[in-house]
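Here's the structure, in structure tokens; my notes come after.
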Amino acid sequence: MACSGYSSILGSPNSAILSPPSFTSSTKLTSLSFNHHRLNSLRFDHSITRHNSSIHRRHRHLNFVVMASTSNSRPLRIMISGAPASGKGTQCELITDKYGLVHIAAGDLLRAEISSGSENGKRAKEYMDKGQLVPDEIVVMMVKDRLLQPDSQEKGWLLDGYPRSLSQAIALKDLGFQPDLFILLEVPEELLVERVVGRRLDPITGKIYHLTYSPPETDEIASRLTQRFDDTEEKVKLRLQTHHQNVEAVLSMYKDIIIKVDGSALKQDVFAEIDMALSKLLEQKTASESVAA
């Protein structure tokens, strides 16, 4: 699934609503540890300086060869989370481009199921038509079905912005879905507000601009840009409050496999940190499976 830049936000622990597209990001890696089921515990720490020149040279243009798990190893299973405008959409695109993972966002699934007229889609539409939030049980089943598709099983998956509550995380675990790594993008609230408030949409092309970071190319485009009704400081602060309340509970489920990345730097630097962690994870998985064999 292509990275659309949209994510599914659960407004309460029992429901899902759609949020506007996320924006850019950045980096700073904390120590992280990986704990694999049925394998010996593998731990490693990274301490990476943001201004490491070799990293900047290597990722300046973000040109790379697609990497993937070897044919005999289980593919990567990654979750990524972040507040609205934390840059998840950008990083999802970079991750899937390099590692070939299947990008799965609950918001995209919800729209696709409704468009296809599936049973889950019909049920979800009933709630949405009434102005109600879609219950967890429906969204969880959509996510489960997508994770079990052959491409997800073969290539591995990148679950974007989901789970958003403890109940959803528990449901996924009970269904047998456990990530190898949970990436959390952290961005100061004042920067998140600035990113959201400055966003604009071109109603003709659907392209997202930002008045400061990604201004329109021409005056003609600028004249037709619109702002989403909920891209206001007041409304984004409410969304951030909901996000922070829910994400803390989710983190408790994945505390042994979390990597926290500072999302306030350049997108290339953010990806350099994530890329190093994923590359190291692939190496660890390959080494462990070789020993087990």
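Read the figures in this text as sums done on the coordinates, not as results from a lab. None of these values were measured; they are calculated from a predicted model. So basically every Cβ, Gly included, is an ideal-geometry build from the backbone, and we count neighbours across all protein chains shown.
So if R0 is 25 Å, what FRET efficiency would Gln153 and Glu189 give, r being the distance between their Cβ atoms, rounded to the nearest 0.05? Kindly include the intermediate steps, with their values, before the conclusion.
Details: r = 38 Å, r/R0 = 1.52.
For R0 = 25 Å, the calculated efficiency reads 0.10.
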_Charge dipole magnitude, Cβ of K and R +1, D and E -1 - region 169-275, Cα centre, debye nearest 20_ = 320
*Simple label model, 7 Å out from Cα along Cβ direction - Thr218 to Ser115, nm*: 2.8
*Extending each Cα 7 Å along its Cβ direction at Ala287 and Asp174, get the distance between those two points in nm, one decimal.*
3.7
*Report the net charge of residues surrounding Glu113, where surrounding means a beta-carbon distance below 13 angstrom and charges are Lys +1, Arg +1, Asp -1, Glu -1.*
+2
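Let me know the shape class of region 153-240, please: from the alpha-carbon gyration tensor, a ≥ b ≥ c as square roots of the eigenvalues, rounded when a/c is under 1.5, otherwise prolate if a/b is greater than b/c, or oblate. Kindly include the intermediate steps, with their values, before the conclusion.
Working: a/c = 2.83, a/b = 1.97, b/c = 1.44.
Prolate shape, in that a/c is at least 1.5 and a/b is the bigger ratio.
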_Please give me the summed charge of the neighbours of Leu76: other residues whose Cβ is under 10 Å from its Cβ, Lys and Arg +1, Asp and Glu -1._
+3
*What ratio of Cα Rg to 2.2 N^0.38 Å holds for region 191-268?*
1.40
_Karplus 3J(HN,Hα) series, Hz, for region 223-232 with 6.51 cos²θ - 1.76 cosθ + 1.60 (x for Gly, Pro)_ = 5, 9, 5, 10, 10, 4, 5, 9, 8, 10
*Would you please give the residues with an amide H less than 5 Å from that of Leu76, counting only those at least 5 places away or on a separate chain, with H modeled from the backbone geometry?*
Ser69
*When only DSSP loop residues count, what trypsin sites (Lys or Arg not before Pro) in region 105-161 have their Cβ near at most 11 other Cβ atoms within 10 Å?*
Lys130
*Could you size up the charge dipole of region 136-177 around its Cα centre, putting +1 on the beta carbon of Lys and Arg and -1 on that of Asp and Glu, and report it in debye to the nearest 20?*
100
*asked:* Please list 3J(HN,Hα) in residue order for region 95-101, calculated via the Karplus relation 6.51 cos²θ - 1.76 cosθ + 1.60 where θ = phi - 60°; whole Hz, with x for glycine and proline.
replied: 5, 5, 4, 8, 9, x, 6
*Principal axes first, then extents: for the Cα atoms of region 78-208, list largest minus smallest coordinate on each axis, whole Å, largest first.*
38, 38, 30
_Residue-by-residue Karplus 3J(HN,Hα) for region 248-263, coefficients 6.51, -1.76, 1.60, Hz, glycine and proline x_ = 4, 5, 5, 4, 5, 6, 10, 4, 7, 10, 8, 10, 9, 10, 6, x
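If I stretch the segment between Glu126 and Glu233 completely, what's the gain in nm (0.36 nm per residue apart, minus their alpha carbon distance), one decimal?
On the way: separation 107, 0.36 × 107 = 38.52 nm, distance 3.07 nm.
Separation in residues times 0.36 nm, less the Cα-Cα distance, equals 35.4 nm.
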